Amino acid sequence: MRLIIVEDDPMIARSLYNALSPLGNSVDIFAHVRDARAALRNDHFDLMLLDLGLPDGNGLELLSELRERGDRTPVLILTARDGIEDRVRGLDLGADDYLAKPFSLVELEARVRALLRRSQQRSDNRLTLGPLCLDPTAGAATLDGVALELPRRELRLLEGLLLHAGNIAPREMLEGRVFSFGEVGSNALEVYVSRLRKRLQGSGLCIRTFRGLGYRLEEAPT
């Protein structure tokens, strides 16, 4: 999944990154409202972890802007243990959950998994299409029950395609998921799509290209 962390405390931000990125997530960190606002307008994220006390404003302002323009990105508020009023206001503004500081990283990971499942209307963490199955939490994929050994970027690409299985996964979304905010070459995404296509040969699944739009993972015509 692609996650955005809006947190100005470097130690907390690093702890969150270290807890969530090894699970196969692409994680971007911002310490200011203005930078997070720009990222949210230009890219798609699967979940936002939002601190409230930020150097250039209150995180609740960012949450309010998000919901007013119809953006339903799940939001997990990180708040001080005694900040009851902020928690209540955050939930009223459209936050999906909150976690009081200091918190357990194990509980954080569980809440993140639950919010992602809920937003995708899944009963568990697995994404499937025909013989293909991906568990994003474990970073493990299988094809006909046999493990697929995929590098991290191919896992992220597969996850993006499975989240849109049967529909076109927008090119910009896939690039953001695979490369985060790093430099993306003109044909970088095609390289990883080509590699994934080879792995799916003979499986009954295929990746179709829609030029100018994106890619679609689907069952191959018989």
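Taking the Cβ of residue 94 as the center, what net charge do the other residues with Cβ under 15 Å away carry, scoring Lys and Arg +1 and Asp and Glu -1? Spell out each step's value before the answer.
Numbers: positive: 67, 69, 72, 87, 89, 118; negative: 61, 65, 68, 71, 86, 92, 96, 97.
In short, -2.
Fully extending the segment from residue 101 to residue 144, taken as 0.36 nm per residue of separation minus the present Cα-Cα distance, adds 11.2 nm. When the accessible area of the chain is computed with all protein chains present and a 1.4 Å probe, what percentage of it is carbon and sulfur? C and S fraction of accessible area: 48 percent. Using heavy atoms of the protein chains and a probe of 1.4 Å, the accessible area assigned to residue 173 is about 20 Å².
Just by accessible area at a 1.4 angstrom probe, what is the order of 149, 159 from largest to smallest? Before the final figure, lay out each step's value.
Details: 149 145, 159 5 Å².
From most exposed to least exposed: 149, 159.
Could you state the accessible area per residue of the chain in Å², with a 1.4 Å probe and every protein chain left in place?
Details: 11000 Å² over 222 residues.
Computed with neighbouring chains in place, this is 50 Å² per residue.
Given a 1.4 Å probe and the protein chains as shown, residue 178 ends up with an accessible area of around 0 Å².
List the trypsin sites (Lys or Arg not before Pro) within region 1-88 that fall in a DSSP loop (any state other than H, G, I, E or B) and whose Cβ has at most 12 other Cβ atoms within 10 Å.
On the way: sites: 2, 14, 34, 37, 41, 67, 69, 72, 81, 87; in loops: 69, 72, 81.
Qualifying residues, ordered by number: 69, 72, 81.
Normalised Debye scattering of the chain at q = 0.08, 0.11, 0.19 Å⁻¹ gives log10 I(q)/I(0) of -0.30, -0.56, -1.42, counting only Cα atoms as equal scatterers and leaving out solvent.
The heavy atoms of residue 198 present about 140 square angstrom of accessible area, all protein chains included, probe 1.4 Å. The length gained by stretching the chain between residue 117 and residue 92 to full extension, at 0.36 nm per residue less their Cα-Cα distance, is 6.8 nm.
Counting only DSSP beta bridges whose two residues both lie in the chain, roughly 55 percent are antiparallel. In this simple spin-label model, placing a label point 7 Å from the Cα along the Cα-to-Cβ direction at both residue 68 and residue 206 gives a separation of 4.8 nm. Taking label positions 7 Å along the Cα-Cβ direction at both residue 164 and residue 58, the computed distance is 3.7 nm, reported to one decimal.
For the chain, take the longest principal axis of its alpha carbons; what is the angle in degrees between that and the long axis of helix 188-200, to the nearest 10 within 0 to 90? It works out to around 60 degrees. Across region 207-213, computed HN-Hα scalar couplings (Karplus, 6.51 cos²θ - 1.76 cosθ + 1.60, θ = phi - 60°) run 10, 8, 9, 10, 4, x, 10 Hz from first to last residue, x flagging Gly and Pro.
The values are calculated or read from the model by the stated rules, or taken from the named source; none is laboratory data. Bear in mind the structure is a predicted one, so any value in this text is a computation, not a measurement. No Cβ is skipped: glycine too gets one built from the backbone with ideal geometry, and neighbour counts run over all protein chains shown. Note: areas computed on protein heavy atoms with side chains; ligands, DNA, RNA excluded. Shrake-Rupley method; radii C 1.70, N 1.55, O 1.52, S 1.80 Å.
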